[in-house]
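Chemist: Here it is, the structure in full.
The values are calculated or read from the model by the stated rules, or taken from the named source; none is laboratory data. As the structure is a computational prediction, the values presented were derived from the model and not from experiment. Methodologically, a virtual Cβ is constructed for each residue, glycine included, from the backbone with ideal geometry; neighbour enumeration extends over all protein chains shown.
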Amino acid sequence: MPERSPVSSSQPVIQVHNLAKHYGPVQAVDGIDITVARGEIYALLGLNGAGKTTTIRMLLGMIKPTAGVVSLLGRPLPGSRADLWADVGYLVETPAAYPELTVAQNLHLAARLRKLTSRDAVDTVIADLGLAPYARRRASDLSLGNQQRLGLAKAFIHRPALLILDEPGNGLDPAGVVEIRLLLQTLAAQGTTVLLSSHILAEVARLATRIGVIHDGRMITELATEDLPAQVHRQLSISTRDPRAAAAVLQSAGHHPITSADHRLVLTGHHALEHPEDIATLLVHAGHPPTHLAIDEDDLETFFLRLTGREASS
Ligand code: ATP
């Protein structure tokens with residue numbers, strides 16, 4: 001296993017400043033800053049075309065930025081010594097494998113390219129990624145999800161200090177997504193730093209420690225995953241037999257009901273949300289008992305679409 005580079009725990013593992021990539025008039029990435037500390041799982045979250053892959057390719061030195069500065073593990077790009085890549089594992093878009101070779105042969109080759117001396121490296125990564133039943137299968141015969149597992153196995157095989165993964169959940173079934181999540185969380189707890197991209201907020205909300213939302217090449221917000229619940233909108237939704245009369249009752253009690261397209265009354269005031277029983281009592285006493293009363297929360301995807309200005313208008 002390669003020596004870990006001596007990155008002090010206070011030094012960011014990833015530091016990106018004002019990173020930009022323009023393709024003619026297309027501003028694929030437009031001046032983003034990212035700082036990731038050791039042991040974090042940082043998710044770049046964005047819709048298709050937001051600029052995630054372009055950012056990741058620049059972080060890996062695969063494409064040249066139009067502007068900006070990137071430093072990984074305390075070493076600036078470009079111009080860092082080639083041994084930087086011994087500490088980095090990556091998966092970008094469709095994972096490449098030799099189609100005629102088996103899973104095990106592909107991984108032995110990856111181990112040799114990484115100059116790994118441990119004979120266990122291949123067996124360990126096959127076990128970690130749940131690839132044992134497919135070890136002797138040709139890469140060309142794998143399902144999309146198992147091709148993704150093979151790509152992840154190649155990214156992990158040398159136990160790098162930093163993992164950069166573009167859409168690691170691609171093609172995986174729900175059980176596979178959970179397995180990869182647990183694996184990444186275990187690696188992060190051991191000090192591995194992970195930067196990944198995704199377009200699914202619900203997925204990264206369970207996996208990442210911090211989320212950077214990118215849209216049209218810009219970082220529109222960064223938030224700690226633990227702060228997500230506070231960002232999610234809540235509303236009290238009420239159905240009655242006579243919504244118009246019930247709305248008048250609520251209004252005269254100082255509330256501000258909005259009538260939805262499907263004739264529900266919606267309240268967003270603090271008191272209504274904290275004491276829905278008061279609203280129910282008020283309506284019962286006024287002769288308009290609710291047939292339905294519930295606090296609805298934005299699901300995470302609605303929150304994400306709201307952030308990116310793509311909220312459905314209904
Ligand atoms: P997806 O999830 O769909 O892969 P993404 O967030 O990874 O999306 P990018 O692939 O980084 O987005 O693309 C960002 C923008 O840059 C898109 O508008 C894309 O069309 C454009 N783009 C990317 N690569 C090129 C290129 N080589 N030439 C021209 N435009 C490009």
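Chemist: Yes or no: Ser197 of a type in the set (Gly, Ala, Ser), under 22 Å from Glu297 (Cα atoms) and in a strand (DSSP E or B)? Step through it out loud before you land on a result.
Modeler: Details: of a type in the set (Gly, Ala, Ser): yes; under 22 Å from Glu297 (Cα atoms): no; in a strand (DSSP E or B): yes.
Against the criterion (of a type in the set (Gly, Ala, Ser), under 22 Å from Glu297 (Cα atoms) and in a strand (DSSP E or B)), Ser197 does not qualify.
Chemist: Okay, next question. Out of curiosity, is Pro160 surrounded by 21 or more Cβ atoms within 10 Å (Cβ to Cβ), in a loop (DSSP other than H, G, I, E, B) and within 12 Å of the chain's Cα centre (by Cα)?
Modeler: No, not satisfied.
Chemist: Tell me, which residue of region 39-54 that is more than 13 Å from Gln185 (Cβ to Cβ) and part of a loop (DSSP other than H, G, I, E, B) is farthest from the ligand (Cβ to nearest atom)?
Modeler: Leu47
Chemist: All but one of (1) exposed (fewer than 15 other Cβ atoms within 10 Å of the Cβ); (2) under 23 Å from Ala111 (Cα atoms); (3) more than 10 Å from the ligand (Cβ to nearest atom) hold for Leu60; which doesn't?
Modeler: (1)
Chemist: Ok, one more. Quick check on region 36-52. Is at least one of its residues without any contact (Cβ under 8 Å) to a residue 60 or more places away in the chain and of a type in the set (Ser, Thr, Tyr)?
Modeler: no
Chemist: Of the residues that make up region 204-221, is at least one over 26 Å from Gly309 (Cβ atoms), surrounded by 20 or more Cβ atoms within 10 Å (Cβ to Cβ) and either out of contact with any His (no Cβ under 8 Å at 6 or more places or on another chain) or at pLDDT 95 or above (or both)?
Modeler: Taking every residue of region 204-221 in turn, none turns out to be over 26 Å from Gly309 (Cβ atoms), surrounded by 20 or more Cβ atoms within 10 Å (Cβ to Cβ) and either out of contact with any His (no Cβ under 8 Å at 6 or more places or on another chain) or at pLDDT 95 or above (or both).
Chemist: Output the number of residues of region 89-120 satisfying the condition of being within 13 Å of Ala155 (Cα to Cα), in a helix (DSSP H, G or I) and small (Gly, Ala, Ser).
Modeler: Count: 2.
Chemist: Please go through region 213-243 and give me each residue that is in contact with a Gly (Cβ under 9 Å, 6 or more places away or on another chain) and among the small types (Gly, Ala, Ser), ordered by number.
Modeler: Result: Gly217, single match.
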